[in-house]
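The structure appears right after this line, and notes come after that.
Where a number appears in this text, it was derived from the coordinates with a stated rule and is not lab data. Keep in mind that this is a model prediction, so the values were computed, not measured. Neighbour counts run over all protein chains shown; Cβ positions are idealised from the backbone, glycine included.
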Amino acid sequence: MKEIKDLSKFTILVTLLLLALNSCSTKEETVYPSERVKVALRSVGNQLLLSKKDSTSLVLPVVALSNNTYELSFENPIAFDPSILNRLVDEIFKKANLPENYLVEVVQCGDNEVAYSYEMFRAVENNIVPCGGRIVPERCYTIELTFTEVKATNTSPFWFYTLVFLVLAFLFFVFYSKYHSFKRETISENTLRLGSFKFYPEENKLVKEAQDIPLSNKECELLAILISRPNQIVKREELSKKVWEDNGVIVGRSLDTYISKLRKKLQDDNTIKIVNVHGVGYKLELDK
């Protein structure tokens, strides 16, 4: 039973470990509604051009660079006031019900240097916004917007559940092995050696060279009493009382009949004899 208790503790430990791994190491970038983000960014681009009284230049298609990063670009070079960009993104994103945590970077087309950037958070006091007032000079730019909010999700359900299955399969195998080992040990503890025989009182049988020899309940009870006191006389009255009278049965010659049956089943081993001590009882003689 100790092994089974230890296995239960091990199972709980492994389960807690799996839960910890799932909560700590399965984070991924949140996938946002791509089409809504693209529409919002195109609106930002359009309003930015209109703020410069440009109603003819095109806003190029918004490109999703990853699950949470999008690129806005223009047909022609553009100059703009960063404070206007900040206000437009904030207003349009709130209207589109998009996340409040994001990073905006204005990147120069030629050398990919960041000409201007800022970061917004749901908690306003954490916002990182450079001082305004400086106009970004006219040049070819792309505006990259990255959502910075990360949510805990399962990055690979298949691998996680595969791991769970393998651990459970391993635990089942260990438990199964421990159970059968425990069962064998229990049976072994209840097995008695009788010459060349093995006596299994709980299973009502003798075993000799892998051959099972079945015993009746009465034969088994009689043999168990005799084998508990080898080379000692057990009185007839004691045998009769324990095997028959205690069960509410009156015995006549039944004792002698069952002793005779036991002798036949043990006759293949000459080192074992059930001797009748006339008028007294029976003795199980074993050669040492």
Complete set of residues in the range 76-93 that are exposed (fewer than 14 other Cβ atoms within 10 Å of the Cβ) and assigned to a loop (DSSP other than H, G, I, E, B): Asn76, Pro77
Go through the range 193-288 and tell me which strands (runs of 3 or more DSSP E), entirely inside it, have 2 or more residues that are touching a Leu at 6+ places or on another chain (Cβ under 9 Å). 197-200, 205-208, 211-214, 272-277, 281-286
So, of the residues in the range 49-70 that are assigned to a loop (DSSP other than H, G, I, E, B) and of a type in the set (A, V, I, L, M), which turns out to be farthest from Val136 (Cα to Cα)? Leu65
